[in-house]
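Notes to accompany the following structure.
Derivation of every value follows stated rules applied to the coordinates shown; laboratory data play no part. Because the structure is a prediction, the values reported are computed rather than measured. We place every Cβ from the backbone using ideal geometry, glycine too, and count neighbours over all the protein chains shown.
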Amino acid sequence: MKMTHSWVERFRDQPPIEQTMIDSITSELATSDLNPNVGPNKPIVAKVLHVINGEHFAGAERVQSHLGRCLPEFGITADFVCIKPGKFPQVLKENGGDWGRCHLAKMQNRFDLRSAFRVRDLVRAYRYDLLHAHTPRSAMIASVASRLSGIPWVYHVHSPAARDSSNRWSNRINDNIEKLSLYGCSHLITVSESLCCEAIAQGADERKVTVVHNGVPTIRPERTRVPEPGGRWVLGMVALMRPRKGLEIVLEALARLAREGLDVVLRIVGPFETDAYQSEIEELIHRLGLENRIERVGFTSDVPAELVKMDAMVLPSLYGEGLPMVVLEAMAAAVPVIATRVEGTPEAVNDGVEGLLAEPRDPIRLADKIRTLVSGEIDWRTMSEAAFRRQKGCFSDRAMAKATSDVYRKLLGLG
Ligand SMILES: CC(=O)N[C@H]1[C@@H](OP(=O)(O)OP(=O)(O)OC[C@H]2O[C@@H](n3ccc(=O)[nH]c3=O)[C@H](O)[C@@H]2O)O[C@H](CO)[C@@H](O)[C@@H]1O
Ligand SMILES: O=P([O-])([O-])O[C@@H]1[C@@H](O)[C@H](O)[C@@H](O)[C@H](O)[C@@H]1O
């Protein structure tokens with residue numbers, strides 16, 4: 001459907017930003033003229049510009065970086081433009097730009113549409129064929145930039161916008177921005193079946209929605225020890241810590257297990273979204289008497305190195321997931337997952353097979369699940385193998401890139 005807002009028409013005829021300005025936007029982070037993944041044997045048939053927030057380096061950014069790295073194998077180069085630059089450009093720089101070129105088009109506020117003009121000029125200067133957006137904010141910019149530049153755009157749904165955070169107003173604004181922006185969208189990619197059903201229920205044309213499950217590299221790092229029933233068990237939670245991840249629930253479950261005399265510790269891997277939330281968690285740790293059972297790691301750029309130290313990865317999400325990358329990353333490292341039955345998580349983990357699933361917000365049931373593993377009632381080795389096999393067979397980064405490139409090819413008429 002065509003978007004006919006008059007403000008788009010008004011902006012359409014504005015002059016492009018000068019080439020020098022594009023250069024100054026990109027030079028800081030542009031890496032090489034050619035993505036190093038592209039060799040003479042991999043003819044490039046299309047160039048895609050991912051419009052991303054870039055503020056954090058969390059799940060959506062991990063998906064974007066895997067796509068940037070893997071898509072060239074399928075004949076597509078993927079570059080990025082950050083409209084809320086932060087951790088993503090930094091991490092990309094640390095990785096030598098192997099994932100693609102990174103441009104900046106910083107928004108000064110949530111409704112700053114000047115970024116769309118920068119994106120349009122990038123499209124012209126670098127001859128991109130397609131835009132690919134990942135958040136409601138980036139959907140808004142991509143939808144306008146698509147109108148201005150005349151190229152199609154794809155939207156990647158990572159989480160339900162209406163239940164994405166604990167901030168009711170921000171959820172409502174993002175949900176509305178997403179709905180409005182999607183009018184001109186050429187195709188939706190959802191990271192889980194659950195999000196696909198939700199998109200269709202909300203009116204999306206089912207011929208224009210494709211599920212591309214998230215995927216990760218199969219790493220399986222060497223482990224130096226295997227946990228034994230009755231011994232010490234190291235659980236880990238890997239996330240950008242924010243209320244919807246449910247850290248409180250695993251702390252309460254841990255306190256329960258500690259009272260039963262089980263030797264279980266928790267490594268908290270990842271940054272806190274806000275200082276206020278971190279203080280609340282510290283207070284809870286103190287109140288539950290868990291100080292000597294908690295190891296605080298903070299943000300790491302080497303998650304596999306953390307996964308080998310864990311006997312199980314816990315993700316007690318309350319709501320609002322898509323298909324969490326940390327679940328797949330743990331499985332790739334043959335680490336059983338103890339998670340909650342939220343959105344796409346059960347699409348990757350079958351309860352009792354590759355991991356364990358509890359209902360969200362229920363520390364008693366979560367403690368029960370953890371107990372079955374640490375007591376030996378469930379065999380750790382069998383579950384660890386099953387987790388590894390499932391990730392390798394169904395949730396690889398290459399499969400995700402291949403499926404994404406298929407969407408692009410179809411849309412661009414490339415067969
Ligand atoms: C708000 C939003 O868009 N949420 C979505 C986001 O994931 P969200 O950011 O909520 O969480 P995920 O578990 O998917 O990803 C976290 C990522 O951060 C990385 N990490 C974490 C801690 C750390 O110290 N270092 C580090 O690198 C992890 O390795 C992982 O790759 O994308 C996911 C994948 O599509 C979706 O399932 C989520 O619903
Ligand atoms: O709402 P907004 O300021 O564009 O952006 C936010 C993003 O920067 C963030 O990465 C995401 O996890 C949040 O839930 C929210 O979407």
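Can you pull out the GluC sites (Glu not before Pro) in region 217-276 whose DSSP state is coil and whose Cβ has at most 12 other Cβ atoms within 10 Å? Before the final figure, lay out each step's value.
On the way: sites: 222, 248, 252, 260, 273; in loops: 222, 260, 273.
Of the GluC sites (Glu not before Pro), the ones in loops of region 217-276 whose Cβ has at most 12 other Cβ atoms within 10 Å are 222, 260.
Hydrodynamic analysis of the chain uses the Kirkwood radius over alpha carbon pairs. Inserted into Stokes-Einstein at 4 °C and 1.567 mPa s, it gives a translational diffusion coefficient of 58 µm²/s.
Against the chain, whose longest principal axis comes from its Cα atoms, helix 59-70 is set at around 60 degrees. Helix 136-149 versus the longest principal axis of the chain: what is the Cα-based angle in degrees, 0 to 90, to the nearest 10? Between helix and principal axis, roughly 20 degrees. Put a dot 7 Å past the Cα of residue 403, heading toward its Cβ, do the same for residue 385, and the two dots end up 2.7 nm apart. Computed from Cα atoms, the angle from the helix 380-394 axis to the main principal axis of the chain rounds to 10 degrees.
Using alpha-carbon pairs under 8 Å, 6+ residues apart, how would you state the relative contact order of region 233-394 in percent? If you can, show how the numbers build up before the last one.
Values: 298 pairs, mean separation 39.5, N = 162.
For region 233-394, the relative contact order is 24 percent.
Each peptide among 232-243, 202-213 gets the average number of other Cβ atoms lying within 10 Å of its residues, and from highest to lowest they stand as 232-243, 202-213. Whole-Hz Karplus values for region 350-363 come out as 8, 4, x, 10, 8, x, 10, 10, 10, 6, x, 6, 10, x Hz, taken residue by residue from phi with 6.51 cos²θ - 1.76 cosθ + 1.60 and θ = phi - 60°; glycine and proline positions read x.
Per-residue ellipticity at 222 nm from helix content only, as computed over the chain with -39500 (n - 2.57) for each DSSP H run of at least four residues, stands at -12500 deg cm²/dmol.
Straight-line cross-link partners of residue 47 among the aspartates and glutamates, defined as a Cα under 12 Å from its Cα and at least 8 positions apart when in the same chain: 79, 129.
One chain, two ends: residue 222 and residue 296. Fully extended at 0.36 nm per residue, the span grows by 24.4 nm beyond their Cα-Cα distance.
Arrange the peptides 169-181, 278-290 so that the one whose residues have, on average, the most other Cβ atoms within 10 Å appears first. Display every interim value, and only then the final one.
Values: 169-181: 16.7, 278-290: 14.2.
Ranking, from highest mean packing down: 169-181, 278-290.
Looking at region 233-394, the pairs of alpha carbons with a distance over 24 Å make up 25% of the total.
Just need the relative contact order of the chain here, percent rounded to a whole number, with Cα pairs under 8 Å and 6+ apart.
On the way: 812 pairs, mean separation 62.3, N = 415.
Across the chain, relative contact order equals 15 percent.
Net length available on complete extension from residue 372 to residue 276 is 31.1 nm, with 0.36 nm assigned per residue and the Cα-Cα distance removed.
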